Amino acid sequence: MLSVESIETCYGPSQALFGVDLAVEPGQLVALMGRNGMGKTTTIRSIFGLTPPRRGRVLLDGQPIQGRASHRIARLGLGLVPEGRRCFTNLTVRENLLATAQPGHWTLERVERLFPRLAERTHQGARTLSGGEQQMLAIGRALMTNPRLLVLDEATEGLAPVIRQEIWKAIHTLKQDGLSILLVDKTLSELLPVADHCVVLEKGRTAWTGQPDELTDALKDRYLGV
Ligand code: ATP
């Protein structure tokens with residue numbers, strides 16, 4: 001469904017990606033991995049046209065989408081939960097969710113069932129939510145666009161353990177529902193059991209791809225510093 005082929009991406013004069021390849025098949029959860037600064041966020045920004053690649057291709061269902069404006073790319077069915085979970089802090093939880101709504105499976109009721117904390121706080125201002133609740137809201141907002149592929153950058157970083165568990169539970173539910181997911185997260189103990197496929201970046205390149213059970217301790221040590 002999504003195919004990234006040999007993309008190279010720069011921030012002004014400084015090149016960050018030197019050849020990233022990855023693919024997400026329908027219904028798959030693909031883990032995008034690598035140490036800090038290896039290019040995970042830049043890869044996601046490249047897919048969404050936020051930092052367009054200079055070379056290579058991004059294909060959605062076989063159609064090239066690189067070079068299109070990011071709002072057009074989102075409308076093709078890609079949902080983004082960015083690092084740092086951006087919500088409208090001056091709106092309520094419900095207003096935030098309705099602001100991105102597109103017709104489809106995911107409705108306000110379904111999102112609030114996935115995250116009961118959001119249902120309890122539906123009329124509360126988003127600025128009063130904890131970091132973890134804001135992350136749930138960011139995921140809910142992306143789901144409300146009814147994406148075919150959900151992309152999460154650092155899904156649980158910096159959140160309280162109880163909230164992390166709720167978010168992992170939701171990710172399992174989304175996968176069971178058949179949603180295609182590209183996920184960045186540093187918690188290998190949670191990430192590997194839910195992943196169908198792993199893509200490891202090193203210095204802006206795809207360095208290794210394989211099944212989670214093929215990621216040996218030696219590979220983890222080499223590429224992830226674990
Ligand atoms: P992290 O886990 O720390 O978020 P990452 O794997 O997501 O790391 P990126 O954020 O994609 O890595 O960074 C890849 C490279 O691009 C790094 O060398 C980084 O310093 C550089 N980079 C990232 N953002 C910018 C920017 N806005 N301007 C210039 N260079 C940048």
Is there a residue in region 139-151 that is outside the structural domain of residue 44 (by TED's automatic domain parsing), small (Gly, Ala, Ser), surrounded by 18 or more Cβ atoms within 10 Å (Cβ to Cβ) and in contact with a strand residue (DSSP E or B) (Cβ under 6 Å, 6 or more places away or on another chain)? yes
Filter region 171-201 for residues that are among the acidic types (Asp, Glu) and in contact with a helix residue (DSSP H, G or I) (Cβ under 6 Å, 6 or more places away or on another chain) and give the result. 185, 190
Looking at region 2-35, which of the residues that are touching a Gly at 6+ places or on another chain (Cβ under 9 Å) and in a loop (DSSP other than H, G, I, E, B) is nearest to the ligand (Cβ to nearest atom)? 35
Just name the residue that is farthest from the ligand (Cβ to nearest atom) out of those in region 39-58 that are in a loop (DSSP other than H, G, I, E, B) and surrounded by 23 or more Cβ atoms within 10 Å (Cβ to Cβ). 53
Hits in region 70-121 (condition: modelled with pLDDT of 95 or more, polar (S, T, N, Q) and either touching a strand residue (DSSP E or B) at 6+ places or on another chain (Cβ under 7 Å) or within 16 Å of the ligand (Cβ to nearest atom) (or both)): 92
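The values are calculated or read from the model by the stated rules, or taken from the named source; none is laboratory data. Being a predicted model, the structure only gives us computed values, none of them experimental. Note that each Cβ is placed from the backbone with ideal geometry, even for glycine, and that neighbours are counted across all protein chains shown.
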